[in-house]
Amino acid sequence: MTTATDTRAQIMDAFGDQLSVTGYPGISLVGVARTVGIRKPSIYHHFPGGKEELYTAVAIRFIDTSHTRIANALACGATFEEQLTALVRVTAEHAGTTISFEQRIYDALELVSPTTKDQVSALYVEAVLAPVVTLFTEAVQEGRISGDPQFLTNAFLHLARASSLGAGNDAPQIVELFLNGARPRRDGTTRTR
């Protein structure tokens with residue numbers, strides 16, 4: 001027997017699959033229902049707000065999963081360099097499957113209500129970006145690196161995503177490349193903004 005929770009998860013999975021392929025405008029709730037093997041009105045039983053509520057649930061699930069991966073990566077490193085290496089590896093492991101999905105979630109923010117946009121954006125900043133910004137803030141305060149922590153976070157995460165081509169095998173080199181650009185110069189000046 002399929003439980004309501006199972007059906008809800010299946011609906012979210014089908015919606016997420018469509019979001020990855022077509023983007024938010026191309027999602028068909030009839031197609032989602034067909035994929036799950038239910039009728040369209042059943043979607044509204046689980047998600048009374050329809051497409052936008054479903055988008056919100058899928059986006060929050062993605063953000064929660066991303067937060068867990070980042071938290072685990074940060075917890076497994078004893079040193080700053082080990083934490084960065086773990087972040088590169090976890091980012092690289094999931095980049096192929098999540099970058100386009102993450103982009104689709106971001107793109108949809110322009111098509112949903114301001115309330116949903118604010119909710120999803122705030123959660124992403126809090127759960128995904130803030131832990132990395134905190135890591136860089138502490139490293140700047142300790143003098144390990146120099147620059148604006150938010151800029152460093154953005155630069156590092158983009159570099160980590162680019163490393164997905166090597167599936168994380170080049171994580172130590174990516175970290176060293178980043179740190180070479182972020183460490184204070186011997187004369188005390190900064191290489192980054």
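With the alpha-carbon atoms of region 24-83 aligned to their principal axes, the span from lowest to highest coordinate is 52, 21, 19 Å, starting with the largest. Taking other residues whose beta carbon is less than 14 angstrom from the beta carbon of ALA14, and scoring Lys, Arg as +1 and Asp, Glu as -1, yields +3. Largest mean-square fluctuation among GLU142, GLU176, GLU82, in a Gaussian network model of the chain whose springs join Cα atoms under 10 Å apart, belongs to GLU142.
Solvent-accessible surface of the chain, taken per residue with a 1.4 Å probe and all protein chains present: 53 Å². Per-residue ellipticity at 222 nm from helix content only, as computed over the chain with -39500 (n - 2.57) for each DSSP H run of at least four residues, stands at -23500 deg cm²/dmol. Note on TYR44 and GLU176: their simple-model spin labels are 6.1 nm apart, each label 7 Å out from Cα toward Cβ. Within the shell of other residues whose beta carbon sits under 13 angstrom from the beta carbon of THR134, the net charge comes to -3, with Lys and Arg scored +1 and Asp and Glu -1. In degrees between 0 and 90, to the nearest 10, how far off the longest principal axis of the chain does helix 114-124 point, with axes built from Cα atoms? Once rounded, the angle reads 50 degrees.
When the residues HIS45, HIS158 are ordered by accessible surface, computed with a 1.4 Å probe over the protein chains alone, the sequence from largest down reads HIS45, HIS158. Between the residues LEU84, ILE174, GLY16, the greatest Cα displacement towards the positive end of the dipole of the chain, with unit charges on the Cβ of Lys, Arg, Asp and Glu, is found for GLY16.
Mean sequence separation of contacting Cα pairs (under 8 Å, at least six apart), scaled by the length of the chain, corresponds to a relative contact order of 21 percent. If you roll a 1.4 angstrom probe over the protein chains with everything in place, what fraction of the accessible area of the chain belongs to carbon and sulfur, to the nearest %? Of all accessible area on the chain, carbon and sulfur atoms account for 54 percent.
The values are calculated or read from the model by the stated rules, or taken from the named source; none is laboratory data. Note that the coordinates shown come from a computational prediction; the quantities given were computed from them, not determined experimentally. Counting neighbours? That spans all protein chains shown, and the Cβs are built from the backbone with ideal geometry, glycine included. Note: areas computed on protein heavy atoms with side chains; ligands, DNA, RNA excluded. Shrake-Rupley method; radii C 1.70, N 1.55, O 1.52, S 1.80 Å.
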